[in-house]
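Student: Here's a structure for you.
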Amino acid sequence: MKAIINANIVLKDHYIMGGVILIDGDKIANFGKAKDIEIPAGAEIIDAENNYVGPGLIDIHTHAADNKWIFEEPEATSKHLLEHGVTGVLPALYNNLNKDAYIKAADNILKANEEGKFDNFVGFYMEGPYLSPNFGCERDKNVWKDAVVRDEYIDIVKKVKDSAKVWCLAPEREGIDQFVKDVKAEIPNIVFAVAHSEAPPHLVEKYIPYGLKIATHHTNATGTIEHYSECRGVCVDEAVNYNKEIYAELISDRMGIHVVPYMQRLVRKIKGDDRIILIADQFVCDGPIPPGFEEATDLHFDNAGEIAGSGLTLDIACSNFIVHTGCSVCDAFKFGSYNPARALNLAGYGYIDEGNIANLIVVDDKFNVKKVIFKGEKI
Ligand SMILES: [Zn+2]
């Protein structure tokens, strides 16, 4: 038995200040105000020192950590993410991989997970193969620009099977209908995401009944359809804002480059706190920081000076979102843990409750991670 004391416990919509959380094995056994919780004799004491204690972060969309590809170095990246409080991660596999590379990447990750070297693996975030070739970093390396062909994708679908939790697509790609049906047939619980797309709203909405409920990096790599000269059209972002059931992923970097702070506040207002998911979407790139962007220490640049994914981990994204939107620490846990767990139906994850998995992190009021407890063990 372990007892976290002096904990400002973060619940879904409020706090218990000066609380205690009891952990039995890998589960939360009890929690509450200090006066109401009896700490069993011999329990190991973990002092939260009056910091916040909330559920471990769940990053549903990141390709890399510590500037290393997760699929190439699953063990090292898993450890790095855990140290940043990311107790659940969905490695994103992008369309710069061909069929064999997708399968090899999935194999590497599944093997590491089986061997106990990637215990915070939750499942795959399949960012591709069929996105719009007009958007996203490394567009020139997209090997899936041609027709949607069953023989080319079905082996990938069968390889990842139920390990895939989210599958991204551009609804406007010709032949995507068959792809959606095939993925759904193989993986009935799959969640679809609209990504790297310039689909008109009706095409995005067409796939909601199939399980489309995530907007991949909302407002990034989404098009604007021209309506009339000087008249704003509607496209993916508007469909996402319009449809309540769709969760909006946001990349919140320090300078607000991916999503300007005003837009972060606007999206929060439109979508509401139940539909925001913060993601890191870290990518490997090590071009120099161009002049004028010295503060952008959580971004990656390519050698041409273009941004190339983020250099974020989710704890830093939460910290940035607090600054850009004025949200509370409680809200940040909602966007970084509770909402992602709910969007993916991860029972027992994303909030503090009796019987839930004891993935807990201690953070200060700026969301600096002080301690991490993963499956009941201190990291
Ligand atoms: Zn992307």
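Student: Mind listing whichever residues of the stretch 219-254 are hydrophobic (A, V, I, L, M, F, W, C) and at pLDDT 95 or above? Working first, answer last.
Tutor: Just the residues of the stretch 219-254 that are hydrophobic (A, V, I, L, M, F, W, C), to begin with: 221, 225, 231, 234-236, 239-240, 246, 248, 250-251.
Val234, Cys235, Val236, Ala239, Val240, Ile246, Ala248, Leu250, Ile251 - these are the residues of the stretch 219-254 that are hydrophobic (A, V, I, L, M, F, W, C) and at pLDDT 95 or above.
Student: Taking Glu172, is it within 13 Å of the ligand (Cβ to nearest atom) and not basic (Lys, Arg)? Walk me through it before giving the result.
Tutor: Values: within 13 Å of the ligand (Cβ to nearest atom): no; not basic (Lys, Arg): yes.
So Glu172 fails the test.
Student: Among the residues of the stretch 280-298, what is the count of those that are hydrophobic (A, V, I, L, M, F, W, C), within 14 Å of the ligand (Cβ to nearest atom) and out of contact with any Phe, Trp or Tyr (no Cβ under 6 Å at 6 or more places or on another chain)? So that I can check it myself, show each step before the final result.
Tutor: First, pick out the residues of the stretch 280-298 that are hydrophobic (A, V, I, L, M, F, W, C): 280, 283-285, 289, 293, 296.
From what is left, the residues that are within 14 Å of the ligand (Cβ to nearest atom) are 280, 283-285.
Next, from what is left, pick out any that are out of contact with any Phe, Trp or Tyr (no Cβ under 6 Å at 6 or more places or on another chain): 280, 283, 285.
The total comes to 3.
Student: Condition check: assigned by TED's automatic domain parsing to the domain that holds Val194, within 16 Å of the ligand (Cβ to nearest atom), touching a strand residue (DSSP E or B) at 6+ places or on another chain (Cβ under 6 Å) and charged (D, E, K, R). Does Glu127 satisfy that? Walk me through it before giving the result.
Tutor: Values: assigned by TED's automatic domain parsing to the domain that holds Val194: yes; within 16 Å of the ligand (Cβ to nearest atom): yes; touching a strand residue (DSSP E or B) at 6+ places or on another chain (Cβ under 6 Å): yes; charged (D, E, K, R): yes.
Spelling it out, Glu127 is indeed assigned by TED's automatic domain parsing to the domain that holds Val194, within 16 Å of the ligand (Cβ to nearest atom), touching a strand residue (DSSP E or B) at 6+ places or on another chain (Cβ under 6 Å) and charged (D, E, K, R).
Student: Provide a single number: the residues in the stretch 107-135 that are on the phi < 0 side of the Ramachandran plot and more than 18 Å from the chain's Cα centre (by Cα). Walk me through how you get there before you give the answer.
Tutor: Taking the stretch 107-135 as the starting set, the residues that turn out to be on the phi < 0 side of the Ramachandran plot are 107-115, 117-122, 124-127, 129-135.
Applying the additional criterion that residues be more than 18 Å from the chain's Cα centre (by Cα) yields 107-108, 110-115, 117, 129-135.
Adding up the residues that qualify gives 16.
Student: So which residues in the stretch 129-171 are of a type outside the set (A, V, I, L, M) and touching a residue at least 60 places away in the same chain (Cβ under 8 Å)? Break it down into steps so the answer makes sense when it comes.
Tutor: Going through the stretch 129-171, the residues of a type outside the set (A, V, I, L, M) turn out to be 129-130, 132-142, 144-146, 150-153, 155, 158-159, 161-163, 165, 167-168, 171.
Within the stretch 129-171, Ser132, Asn134, Phe135, Gly136, Cys137, Glu138, Lys165 qualify.
Student: Do we have any residue at all in the stretch 143-150 that's closer than 30 Å to Asn303 by Cβ and away from the ligand (no atom under 16 Å from the Cβ)?
Tutor: Of the residues in the stretch 143-150, the ones closer than 30 Å to Asn303 by Cβ are 143-146.
Add one more test, that the residue is away from the ligand (no atom under 16 Å from the Cβ), and what stays is 146.
The answer is yes; a qualifying residue exists.
Student: With β-branched (Val, Ile, Thr) and either more than 14 Å from the ligand (Cβ to nearest atom) or surrounded by fewer than 23 Cβ atoms within 10 Å (Cβ to Cβ) (or both) as the only criterion, which of Val183, Val194, Val166 stands out? Write out each step before concluding.
Tutor: Working: Val194 fails: either more than 14 Å from the ligand (Cβ to nearest atom) or surrounded by fewer than 23 Cβ atoms within 10 Å (Cβ to Cβ) (or both); Val166 fails: either more than 14 Å from the ligand (Cβ to nearest atom) or surrounded by fewer than 23 Cβ atoms within 10 Å (Cβ to Cβ) (or both).
None of the other options fit; the residue is Val183.
Student: Find the residue count for the stretch 75-92, including only residues that are part of a strand (DSSP E or B), in contact (Cβ under 8 Å) with a residue 40 or more places away in the chain and either on the phi > 0 side of the Ramachandran plot or not β-branched (Val, Ile, Thr) (or both). Working first, answer last.
Tutor: Keep residues of the stretch 75-92 that are part of a strand (DSSP E or B), which gives 86-92.
Retained after the next criterion (residues that are in contact (Cβ under 8 Å) with a residue 40 or more places away in the chain): 86-88, 90, 92.
Then drop every residue that is not either on the phi > 0 side of the Ramachandran plot or not β-branched (Val, Ile, Thr) (or both), which leaves 88, 90, 92.
The qualifying residues number 3.
The values are calculated or read from the model by the stated rules, or taken from the named source; none is laboratory data. Owing to the predicted nature of the structure, the values given are computational and were not obtained by experimental measurement. Note that we place each Cβ from the backbone using ideal geometry, even for glycine, and neighbour counts take in every protein chain shown.
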